[in-house]
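What follows is a short report on a single structure.
The values are calculated or read from the model by the stated rules, or taken from the named source; none is laboratory data. The model shown is predicted, which means the values in this text are computed figures rather than measured ones. Methodologically, a virtual Cβ is constructed for each residue, glycine included, from the backbone with ideal geometry; neighbour enumeration extends over all protein chains shown.
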Ligand code: NAD
């Protein structure tokens, strides 16, 4: 069985790691490889190499960094098929969906190709007699990323292209469930001309995460994952003086108003709830049907859920693959059962689904629950599987109040034909990313991604301008040429 190793200082290595974890093919329900789990001493080795590499990379020209990013972008295009198959085989999602995350991740590299523009500072001429002021930003040093299983390549790409293009060296600890895509990325960076030690992959579990959080040689940590771990990472990372950006879980609501095109809304809700087997932080897990929209919406959703073709993600023609682990499958099944027990109407029941020839796979079909209420666990918990709950309310005001009372505030959407309702919705909801007739409003690379409330711990969203700010710090320089006589007063303009 293949062992997936680390990438330290431009070389594949086992370092001092002896522990391993199985890496599953979720469609087969079988371990196909094992991944090394780093010890704190491995993190030390990696950070030492990254620190050494920073001495020259932190001083490299913008032209050199940009050239590497352009070359890396081309290699991501060239290896798209291979990456998509790797992602599908370890995560379970269908290959076309994996391609989608590669494309969206690659857009961050494209943003990083223009980093020279994003790093331009300001200049104020003659702020006082013979005095000018300018500012510029510098990299932090060694920075680290800790990423979740559900986007094996896109979420790491939210981080490292911007960190590296701004002059930092980057240590990635990907999810131990989906390690292979990041190992290939390390080789692509090397081929693109990135110097050794600038991009590192340390595979591992909590031991590696804790070593990163405690390491004095790491200046900043980017985390994306579940809310409890985001809170933990934020608390421990900031306690050791690091900058931390920590993005957490979600429970995203899509509101459907009676004036919406119901067929269009149901189409998008179906894709957003069941695509990637619901394992997206921007998945729609709650539909809020307003007034008379309810019955018609349920009828179309039921029909569309029945049309979803479930099977291995790497086989052509499937819409939805398995969930990532047997534990995840169990959690989905238990959530539907609890929903029924607590009074929800199970309109579509995916619990018994079996895929012929793949009986051991972690498959579960789409489930649709109607008449969900806010007290039910199906409403309150992030199921992170193919379960769409429908809450019925009478007015847009009630829908907005519902969303605002929720623990999470990652993404939300409204389906309507009314500009006035859409405008009120976007102004009043306490959520970071909003779609108007768009179900998964993931911002483009040149904007920043981040939720509100328990979906983002701390204050830094990720990528775009917020990413550039996160990975750099500013200096403001006040210059006088030539020197004039110094006064004793606090300096003011003259
Ligand atoms: P997770 O929190 O279990 O794991 C994320 C990372 O933390 C992994 O690298 C893992 O190794 C590490 N980790 C896990 N347990 C740890 C512990 N006890 N101590 C230290 N480190 C630990 O998340 P996941 O299951 O891989 O991913 C799914 C979650 O991520 C969902 O909650 C989803 O909403 C969230 N997510 C959020 C966003 C966003 O942008 N807000 C994006 C993608 C995923």
Per the filter on the stretch 196-212, residues more than 7 Å from the ligand (Cβ to nearest atom) and surrounded by fewer than 24 Cβ atoms within 10 Å (Cβ to Cβ) are 196, 207, 211
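Restrict the check to the stretch 240-256 and report whether at least one residue is assigned to a helix (DSSP H, G or I), near the ligand (Cβ under 9 Å from one of its atoms) and either under 27 Å from residue 66 (Cα atoms) or under 20 Å from the mean Cα position of the chain (by Cα) (or both).
No: the stretch 240-256 contains no residue that is assigned to a helix (DSSP H, G or I), near the ligand (Cβ under 9 Å from one of its atoms) and either under 27 Å from residue 66 (Cα atoms) or under 20 Å from the mean Cα position of the chain (by Cα) (or both).
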Is there a residue being in a helix (DSSP H, G or I) and closer than 26 Å to residue 205 by Cα anywhere in the stretch 61-81? no
For the stretch 282-339, what are the residues that are free of Cβ contacts under 8 Å to residues at least 24 places away in the same chain and in contact with a strand residue (DSSP E or B) (Cβ under 6 Å, 6 or more places away or on another chain)? none
Of the listed residues (131, 171, 127), the one being within 16 Å of the ligand (Cβ to nearest atom) and more than 16 Å from the chain's Cα centre (by Cα) is 171
Just a yes or no: is a residue in the stretch 47-57 in a loop (DSSP other than H, G, I, E, B) and assigned by the TED database to the domain that holds residue 201? no
Out of (1) crowded, with 24+ Cβ neighbours inside 10 Å; (2) near the ligand (Cβ under 10 Å from one of its atoms), what's the single condition that is false for residue 149? (1)
Hits in the stretch 174-189 - residues which are more than 16 Å from the ligand (Cβ to nearest atom) and out of contact with any strand residue (DSSP E or B) (no Cβ under 8 Å at 6 or more places or on another chain): 184, 188
Considering only residues of the stretch 451-490 that are touching a helix residue (DSSP H, G or I) at 6+ places or on another chain (Cβ under 7 Å) and in a loop (DSSP other than H, G, I, E, B), which is modelled with the lowest pLDDT? 458
The one condition residue 461 fails out of (1) closer than 25 Å to residue 260 by Cα; (2) surrounded by 16 or more Cβ atoms within 10 Å (Cβ to Cβ) is (1)
Within the stretch 310-320, does at least one residue satisfy the condition of being under 22 Å from the mean Cα position of the chain (by Cα), over 13 Å from residue 286 (Cα atoms) and assigned to a strand (DSSP E or B)? yes
Please go through (1) within 16 Å of the ligand (Cβ to nearest atom); (2) in contact with a helix residue (DSSP H, G or I) (Cβ under 6 Å, 6 or more places away or on another chain); (3) under 28 Å from residue 218 (Cα atoms) for residue 118 and return the number of the only condition it doesn't satisfy. (1)
With respect to residue 62, is the statement that it is touching a strand residue (DSSP E or B) at 6+ places or on another chain (Cβ under 9 Å), farther than 22 Å from residue 97 by Cα and touching a residue at least 24 places away in the same chain (Cβ under 8 Å) true? no
Filter result (within 16 Å of the ligand (Cβ to nearest atom) and outside any helix (DSSP H, G or I)) within the stretch 152-168: 152, 153
Within the stretch 265-295, tally of residues that are within 16 Å of the ligand (Cβ to nearest atom) and in a strand (DSSP E or B): 3
Here the qualifying pairs (Cβ atoms under 7 Å; residues six or more apart or on different chains; first in the stretch 406-434 and within 16 Å of the ligand (Cβ to nearest atom); second assigned to a helix (DSSP H, G or I)) come out as 412/403; 430/404; 431/403; 434/426
Checking residue 160 against (1) within 30 Å of residue 122 (Cβ to Cβ); (2) in contact (Cβ under 8 Å) with a residue 40 or more places away in the chain; (3) touching a strand residue (DSSP E or B) at 6+ places or on another chain (Cβ under 8 Å), the condition it does not meet: (2)
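Does residue 403 satisfy being closer than 27 Å to residue 379 by Cβ and within 16 Å of the ligand (Cβ to nearest atom)? Can you show your working first?
Working: closer than 27 Å to residue 379 by Cβ: yes; within 16 Å of the ligand (Cβ to nearest atom): no.
Against the criterion (closer than 27 Å to residue 379 by Cβ and within 16 Å of the ligand (Cβ to nearest atom)), residue 403 does not qualify.
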Of the residues in the stretch 214-239, those that are under 23 Å from residue 454 (Cβ atoms) and either near the ligand (Cβ under 8 Å from one of its atoms) or not in a helix (DSSP H, G or I) (or both) number 13
